[in-house]
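A short worksheet on the structure shown next.
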Amino acid sequence: MSGSASFFDAVKARRSIYKISSESPIPDEKIEEIVKTAVKHAPTSFNSQSSRAVLLFGEEHRKLWDITLNILREIVPAEQFPTTEAKLKNFAAGHGTVLFFEDQEVVKSLQAKFPIYHDQFPVWSEHASAILQFIVWTALEQEGLGATLQHYNPLISPKVQATWNIPASWTLVAQMPFGAPAAPPAERTYAPVEGERFLVFGKQ
């Protein structure tokens, strides 16, 4: 099997797994190594290395979803809240959560250094975070863990910042709860690719 074939096997295997358990097929040290390696090697524009991650296990993981639940309880209409609560409890039932941040001090320093690209650096920072998220997600999947990507920021951002003493320059971008899959993913459908989502010119 070629290198790209095995890579795309991993890409295809990555799915959104909403129902997860507190079990893990690998030790926490391995999960920590995955996230740390991804943070180190994920590409960034101008080699800015602006992406940051926080890994929560056990009670710290459950604390995050308690925070999220309590905040949403105040703003979600009462008749809709049971659905929201059930969703968040599925995340809390997992083994851990990865929090993804972007360091705005890095972004601002690049804006000052390269003013011609001032408006692009925040966009490129988001691209960097997305790449990191995909690497972590795919690696966790390869180890037998299920995960999803959630975005309860900015609603939970101040509380997250205060609870874990996160540097003020770090902006919360996404949350990735993970755990052993407790149910299979939903069937995935695909829109046409050729001619609609992919074009080729000058092919030999």
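If you sort the three axes of the alpha carbon gyration tensor as a ≥ b ≥ c, you get a/c of 1.5 or more for segment 50-112 and a/b no higher than b/c, which makes it oblate. Remark: accessible surface ordering of D9, D119 (largest first) is D119, D9, probe radius 1.4 Å. Spin-label pair R188-S169: with each label point 7 Å from Cα along the Cα-Cβ axis, the two points sit 3.6 nm from one another. Taking one quarter of the surface of the C-alpha convex hull of segment 6-136 gives a mean projected area of 10.4 nm². Ranking of Y18, Y190, Y117 by solvent-accessible surface, largest first: Y190, Y18, Y117 (1.4 Å probe, protein heavy atoms only, all chains present). When nucleic acids and ligands are ignored and a 1.4 Å probe is applied, V173 ends up with an accessible area of around 20 Å². Rounded to the nearest whole Hz, the Karplus-based 3J(HN,Hα) values (6.51 cos²θ - 1.76 cosθ + 1.60, θ = phi - 60°) of segment 109-119 follow the sequence 5, 6, 4, 6, 6, 10, x, 5, 9, 3, 6, with x at glycine and proline. Taken one residue at a time, the phi angles of segment 164-175 give Karplus couplings (6.51, -1.76, 1.60, θ = phi - 60°) of 10, 6, 6, x, 4, 7, 7, 9, 5, 10, 6, 10 Hz. Gly and Pro are set to x. Computed on protein heavy atoms with a 1.4 Å probe, the accessible areas place F198, F81, F178, F114 in the order F198, F114, F81, F178, largest first. Pop the C-beta distance of R197 and Q49 into the FRET formula with R0 = 25 Å and round what comes out to the nearest 0.05. With a Förster radius of 25 Å, E is 0.20. Take every pair of alpha-carbon atoms less than 8 Å apart whose residues are at least six positions apart; their mean separation over the length of the chain yields a relative contact order of 35 percent. Can you tell me how segment 66-204 classifies by the Cα gyration tensor, rounded, prolate or oblate, using a/c under 1.5 as the rounded cut? Oblate shape, in that a/c is at least 1.5 and b/c is the bigger or equal ratio.
The values are calculated or read from the model by the stated rules, or taken from the named source; none is laboratory data. Owing to the predicted nature of the structure, the values given are computational and were not obtained by experimental measurement. All Cβ positions, glycine included, derive from the backbone under ideal geometry; neighbour counts span all protein chains shown. In case anyone asks, the SASA skips ligands and DNA or RNA and just uses the protein heavy atoms, side chains included. Shrake-Rupley method; radii C 1.70, N 1.55, O 1.52, S 1.80 Å.
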